[in-house]
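Below is one structure, written out as structure tokens; comments come after it.
The values are calculated or read from the model by the stated rules, or taken from the named source; none is laboratory data. The structure displayed is predicted, hence computed values, not measured ones. Note that each Cβ is placed from the backbone with ideal geometry, even for glycine, and that neighbours are counted across all protein chains shown. Ligands, DNA and RNA are excluded from the accessible area calculation, which covers all protein heavy atoms including side chains. Shrake-Rupley method; radii C 1.70, N 1.55, O 1.52, S 1.80 Å.
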Amino acid sequence: MTPRKAVSLFSGCGGFCEGVRLAGFSVEAAVELDRFAAVTYRHNFPEVPLFEGDVHDFLNDSSETWRGESERFSDVKAGNIDLLFGGPPCQGYSQIGTRILDDPRNQLYAEYVRVLKTLRPRVFLMENVPNMLLMDKGRFKREVLAAFAEAGYSNCGVTVVAASDHGVPQLRRRAIFFGVRDGENLGVDAHAFLEAALAAERKPEVSVRQAIGDLPEVTASHYEPVRYPVTRAKNPFLDEMRLNRDGQWYSRAEKSKKSTAKVLHNHHTKEIQARRKALIALLAPGAKADSLPKEIWNGARPEKWRRLHPDKPAYTILAQMHRDMSEWVHPDYERWITVREAARLQSFHDGFVFQTSEWQMLKQIGNAVPPLMARALAAVASRSLDVMEDSSTDTRFSVPIQQTLELVP
């Protein structure tokens, strides 16, 4: 069967693309502005044409940049794409970001909508932080849904998805928009379909220990690979992550395309000063700064210092960890987590190798959509396409949701 075709916007290092590919789609094009993330993307997706530049120029015939690149993307056109996906930068909406209503990044969804109008895919997925649904009393949410409807995707919905519900060892929550092109017969409201299909994709929760417990205490001195660890630990998540095992989604051969099972890449972390090492030694598993002696903690934000709990999913892996790792202390060792451990907590397998500087690698990981969460989202899109291909031409949303979902095994 010919793979369905997808286009990625705001691709970053490729977490969303990795999950979409796992769900059986062929990524026909990706767009990314950040030159450091683009290096990692090219390393892991050499077969995908990457438009390294501003999304405003992509598919824009008035752009000189696009005119010079358009030949590479000749197959990316209306009628040829099944799925558009991506997550416009979220710092303007984030609870830890600026939350400035007029932040220009808040309008990048308009570029997503422009490309949606141009390509007319049958379905789309857009990811962002949950806070964008609440800002200015829901104004941005209403604006985005209205823009999608005006673009020809009136059957559209949004829900908040927890990464930990889909096999990711992390309590990360994201707002997911899902829409179907007008004229297609999904049979139900897109919001109801999204929630029901995601429920069918749920996986058991994965703890930090299950995710990184096999990785060694000793880290690389610089950026060199280390000997691949031997372990007797066994769980489905490690089967997906480790290069020498077959998982439900990843085979050994697939994971080893960019690496060898003899070495572990990216197992390095920021240096730690003796004073900080002594401080984190006082943190119990799962504890925060407010558990420290008063003569050590100044009473400021307790999340400033946090040790991961080994028996729970991690709290959210954030791009800001490239500046300060004090919120991501290893559950057992007196050090920060490594780049590879952060990648595991985002569900990147060990064959996905991060490039450029440690600073940039951590930023790329924190900004990424977790691949296993992305796989679940793309599975929803794939299931919707199956339903629409099996449905009649009646486009009224009158079929009960359970009956619609039962159309697909």
* Structure fact -> Note on the chain: contact order normalised by length, alpha-carbon pairs under 8 Å, 6 or more apart, percent, works out to 19
* Whole-Hz Karplus ³J(HN,Hα) for the range 281-292, in order, using 6.51 cos²θ - 1.76 cosθ + 1.60 and θ = phi - 60°, x for Gly and Pro? -> 4, 7, 7, 6, x, x, 7, 10, 4, 6, 8, 7
* To do: Identify, among A151, G179, P225, the residue whose Cα sits farthest towards the positive end of the charge dipole of the range 132-229, taking +1 on the Cβ of Lys and Arg and -1 on the Cβ of Asp and Glu, with the dipole about the Cα centre.
  => P225
* Estimated 222 nm signal from helices in the chain, with DSSP H stretches of n ≥ 4 weighted -39500 (n - 2.57), rounded to 500 -> -8500 deg cm²/dmol
* Structure fact -> Sorting W336, W297 on solvent-accessible surface, 1.4 Å probe, most exposed first, gives W297, W336
* Which of A190, N128, W66 sits closest to the plus end of the dipole of the chain, meaning its Cα is farthest towards the positive end, when Lys and Arg get +1 and Asp and Glu get -1 on the C-beta? -> N128
* Residue of G68, G213, G15 that the Gaussian network model of the chain assigns the largest fluctuation, springs spanning Cα pairs under 10 Å -> G68
* Asked: How many times 2.2 N^0.38 Å is the alpha carbon radius of gyration of the range 156-283?
  -> 1.44
* Once you have the Cα-Cα distance between K117 and A149, take 0.36 nm times their residue separation minus that, and quote the gain in nm to one decimal. => 10.5 nm
* To do: Under a 10 Å cutoff between Cα atoms, tell me which one of P121, P313, P49 has the largest fluctuation in the Gaussian network model of the chain.
  => P49
* **GNM result for the chain, Cα springs below 10 Å: residue of I272, I337, I296 fluctuating most strongly** => I296
* Asked: When Lys and Arg each count +1 and Asp and Glu each count -1, what net charge do the other residues less than 11 Å away from W66, Cβ to Cβ, add up to?
  -> -4
* Can you list residues whose amide H is under 5 Å from G187's amide H, if they're 5+ apart or on another chain and H is modeled 1.01 Å from N? -> none
* Asked: Computed from these coordinates, which is volume of the Cα convex hull per residue in Å³: (1) 148; (2) 127; (3) 164?
  -> (1)
* Counting residues in the range 1-65 as N, plug N into 2.2 N^0.38 Å and put the Cα Rg over that result. => 1.11
* To do: Tell me the label-point distance for the pair M1, A253, using the 7 Å Cα-to-Cβ offset, in nm and rounded to one decimal.
  => 2.0
* Student exercise, the chain dipole from Lys, Arg, Asp, Glu Cβ charges, in Debye to nearest 20 -> 1280
